[in-house]
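Remarks on the structure that follows.
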Amino acid sequence: MTYTILKFAISAAVLVAVSELAKRSSFAGGLLVSLPLTSLLAMMWLWRDTHDSAKISALSTSIFWLVLPSLVLFVLLPALLKRGVAFWPSLGISVTAMLASYGAMLFGLGKFGIKL
């Protein structure tokens, strides 16, 4: 139980650090959040829990393929905000487009026989 609480605390600390840093500098916040910290933490936790390199490899491969459709959010959201669309509708549209991109990616990967 202590280990699970430690994982929550470290993971939460990263999110708090990003949000606090972004208040001072969008570049620094963006740099910190663009680092694959969540992925690295997940791989470290998975390794500590399982010592299974096949699971780490599969996770890393899944992350690679699923990062690509997530980029839709980061392109569409600022474009909508710059066009004067309010934050919440922009976020909703961007998340919806991102989810559709995930679906398209999974469908496309399936067509090529790639299973995540």
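The values are calculated or read from the model by the stated rules, or taken from the named source; none is laboratory data. Bear in mind the structure is a predicted one, so any value in this text is a computation, not a measurement. Methodologically, a virtual Cβ is constructed for each residue, glycine included, from the backbone with ideal geometry; neighbour enumeration extends over all protein chains shown.
Side notes on the structure shown:
- Selection within the stretch 32-59 - exposed (fewer than 14 other Cβ atoms within 10 Å of the Cβ) and closer than 18 Å to I114 by Cα: A54, S57
- Filtered residue count, the stretch 50-81, keeping only those that are more than 25 Å from L40 (Cβ to Cβ) and small (G, A, S): 1
- Check on A100, part of a helix (DSSP H, G or I), at pLDDT 95 or above and within 22 Å of W65 (Cα to Cα): yes
- In the stretch 82-104 there is no residue that is surrounded by 12 or more Cβ atoms within 10 Å (Cβ to Cβ) and under 20 Å from A42 (Cα atoms).
- Which listed residue is farther than 30 Å from L116 by Cα and modelled with pLDDT under 95, from F8, F64, F87, F27: F27
- Condition check for L77: among the hydrophobic types (A, V, I, L, M, F, W, C), closer than 19 Å to V18 by Cβ and touching a helix residue (DSSP H, G or I) at 6+ places or on another chain (Cβ under 8 Å): yes
- Counting only residues that are within 23 Å of S60 (Cβ to Cβ) and of a type in the set (G, A, S), the stretch 1-29 holds 1 of them.
- Answer from L66, L21, L31, L91 - the residue that is more than 28 Å from L6 (Cα to Cα) and in a helix (DSSP H, G or I): L91
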